[in-house]
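*Asks:* Below is one structure. I have some questions about it.
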Amino acid sequence: MKTLEKLILAVVAIVWTSAVAVADSPNDLLVVANKSVAVGSVDASEIRAVFLKNKSALGGDTVFPLNAKSDSDLRAAFRSRVLKMTEEKERGYWDDEKIRKGTEPPAEVPATLKAVFSKSAGVSYVFRKDYKDGTAKILATFPE
């Protein structure tokens, strides 16, 4: 009987793990970094600080944030899920930063994953459906 119980538990664990893997959405937002960035994972507040230029390093490595184009669905998802801002609030934030500190927003790139792959210390974001294994390190995931 003990063997049967172990077998049933093993099957339940396999089915549950498979169900969890299927739960990933193609529109989950992945924050990615160039493989040269040593940090393994970060939380939302650290990512927000880097992209709002309140922080310039992750795990001791200086990083270079790269934004998607401001009118893209990708940028809207990042703005909403990570920055917790509307487009207008983000624009106002950067207007204020330019006036008070002379700080410019992160550079905008047309292809964030390609830019992170090419830019040492680059950090950006991509939808799961557009992520290519091995091109960049995943630092965080923000569900759809």
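*Asks:* Count, please, the residues in the range 78-89 that happen to be of a type in the set (Lys, Arg) and loosely packed, with under 13 Cβ neighbours inside 10 Å.
*Replies:* Total satisfying the criteria: 2.
*Asks:* To continue, here is another question. Within the range 91-99, is there a residue that is of a type in the set (A, V, I, L, M), assigned to a helix (DSSP H, G or I) and either over 18 Å from Gly40 (Cα atoms) or under 16 Å from the mean Cα position of the chain (by Cα) (or both)?
*Replies:* Within the range 91-99, one or more residues are of a type in the set (A, V, I, L, M), assigned to a helix (DSSP H, G or I) and either over 18 Å from Gly40 (Cα atoms) or under 16 Å from the mean Cα position of the chain (by Cα) (or both).
*Asks:* While we're looking at this one, here's another question. Could you tell me whether Asn34 is modelled with pLDDT of 95 or more, polar (S, T, N, Q) and in contact with a Pro (Cβ under 9 Å, 6 or more places away or on another chain)?
*Replies:* Criteria not met by Asn34.
*Asks:* Here is a follow-up. Name the single residue that is nearest to Pro65 (Cα to Cα) among those in the range 87-144 being among the hydroxyl-bearing types (Ser, Thr, Tyr) and in contact with an Asp or Glu (Cβ under 7 Å, 6 or more places away or on another chain).
*Replies:* In this case the residue turns out to be Thr103.
*Asks:* For Ile47, work out the one condition from (1) under 23 Å from Asp73 (Cβ atoms); (2) modelled with pLDDT under 95; (3) not in a loop (DSSP other than H, G, I, E, B) it doesn't fulfil.
*Replies:* Ile47 satisfies all of (1) under 23 Å from Asp73 (Cβ atoms); (2) modelled with pLDDT under 95; (3) not in a loop (DSSP other than H, G, I, E, B) except (2).
*Asks:* Continuing with this model, one more query. Which ones in the range 100-140 are out of contact with any strand residue (DSSP E or B) (no Cβ under 9 Å at 6 or more places or on another chain), more than 15 Å from Ala33 (Cα to Cα), in a loop (DSSP other than H, G, I, E, B) and not acidic (Asp, Glu)?
*Replies:* Gly102, Thr103
*Asks:* Answer yes or no: is there a residue in the range 65-81 that is in a helix (DSSP H, G or I), farther than 16 Å from Asp130 by Cβ, in contact (Cβ under 8 Å) with a residue 24 or more places away in the chain and among the basic types (Lys, Arg).
*Replies:* no
*Asks:* Among the residues of the range 47-77 satisfying the criterion of being within 13 Å of Glu108 (Cα to Cα) and surrounded by 16 or more Cβ atoms within 10 Å (Cβ to Cβ), which is farthest from the chain's Cα centre (by Cα)?
*Replies:* Of everything passing the filter in the range 47-77, Phe64 is farthest from the chain's Cα centre (by Cα).
The values are calculated or read from the model by the stated rules, or taken from the named source; none is laboratory data. The structure presented is a predicted model; accordingly, all values stated were derived computationally and were not measured. When we count neighbours, we look across all protein chains shown, and the Cβ atoms used for this are built from the backbone with ideal geometry, even at glycine.
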